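Encoded as structure tokens, the structure appears first; notes follow it.
Every number in this text was worked out from the coordinates using simple rules, so none of it is lab data. Here the structure is a predicted model, which is why all the values come from computation and not from measurement. Because the Cβ atoms are built from the backbone with ideal geometry, glycine has one as well, and the counts that use them run over all protein chains shown.
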């Protein structure tokens, strides 16, 4: 579907710009990859966040990262040493990253429309893997490789095939 | 002249980033004050002299737009320039910020240079490198 491809491109562009501009972390997107791989390959705990959105399309954005990578992102953003960080810093950074990715993605995807963004929240990584995907919804998963590890993003979109219009799943 | 700047964002991380970035911009900064939402910001504004407000849009209790509306109701606070620094990028939202009285708008992510240019415009500080602003500020001038 063309619109999903456009959304995927907007996600890739926004993730690249944000990680490079604000977190000083260059990255690349492997051709294949899903966020389940992060869980399999991670030697440590994962941190995850979700942000619900509503507009012409509706659903949720997710981010998942191994804790060491999340700490590295936090250190880069705040200009602090890794040893000086606490869990509050790291969680706030992951939520802000997701907030920026969501907002930037929509401004690249469709700047004419208004999307209402919810507040980002920390969730368990299981919730990303099991987030509801039914006949009416579609999803995009992106895995980005950085020198400090792999980070994953996912967006779910509800599509009403009967009417040809996007349907809200926001609550 | 030193400027007192109030940074309003529900994310403590973004407040830290903005504080550091403002300090890097080369302005003569007096006090850097913080608030976690619009309600807190109004309290800070009542108790402190503030020359510039940098505010997020999407915050609990009172968002950035409501903060601007509240400030415009007060004769003194209405004169303080407000720059909205947010992830929101829709043309309609940006237009609304400006219609409600925001002096400027900057979308996250931003570079220190982009923030410096925006603050130069809003605070009326002369730029050291004449002509460079117009060139590099293309697409950011809301």
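Observations, loosely collected:
- Once both labels are positioned 7 Å from their Cα atoms along Cα-to-Cβ, the gap between residue A:111 and residue B:29 label points is 2.8 nm.
- Stretch gain in nm, segment residue A:17-residue A:140, where the contour uses 0.36 nm per residue and the Cα spacing is subtracted: 42.4 nm
- Entry note: the stretch B:3-136 has Rg to Rh equal to 0.94, where both radii use alpha-carbon atoms and Rh is the Kirkwood radius.
- Helical runs assigned H by DSSP (4 residues or longer) give chain B a calculated mean residue ellipticity at 222 nm of -12000 deg cm²/dmol, each run adding -39500 (n - 2.57) before division by the residue total.
- Divided by 2.2 N^0.38 Å, where N counts the residues, the Cα radius of gyration of chain A comes to 1.00.
- Our estimate of slack between residue A:127 and residue A:5, defined as 0.36 nm per intervening residue step minus the Cα-Cα distance, is 41.5 nm.
- Calculated SAXS-style log₁₀ I(q)/I(0) at q = 0.16 Å⁻¹ - the protein assembly as shown, Debye, Cα scatterers: -1.36
- Helix axis angle, A:2-21 relative to chain A longest principal axis, alpha carbon, degrees: 20
- Listed by Cβ neighbour count within 10 Å, with the fewest neighbours leading, A:39, B:79, B:15 appear as B:79, A:39, B:15.
- In the stretch A:46-93, inverting the average of 1/r over every pair of distinct C-alpha atoms gives 11.8 Å as the Kirkwood radius.
- Span from the the stretch B:60-127 Cα centroid across to the the stretch A:44-74 one, whole angstrom: 27
- DSSP bridge pairs, the protein assembly as shown: antiparallel proportion in percent, nearest 5: 65
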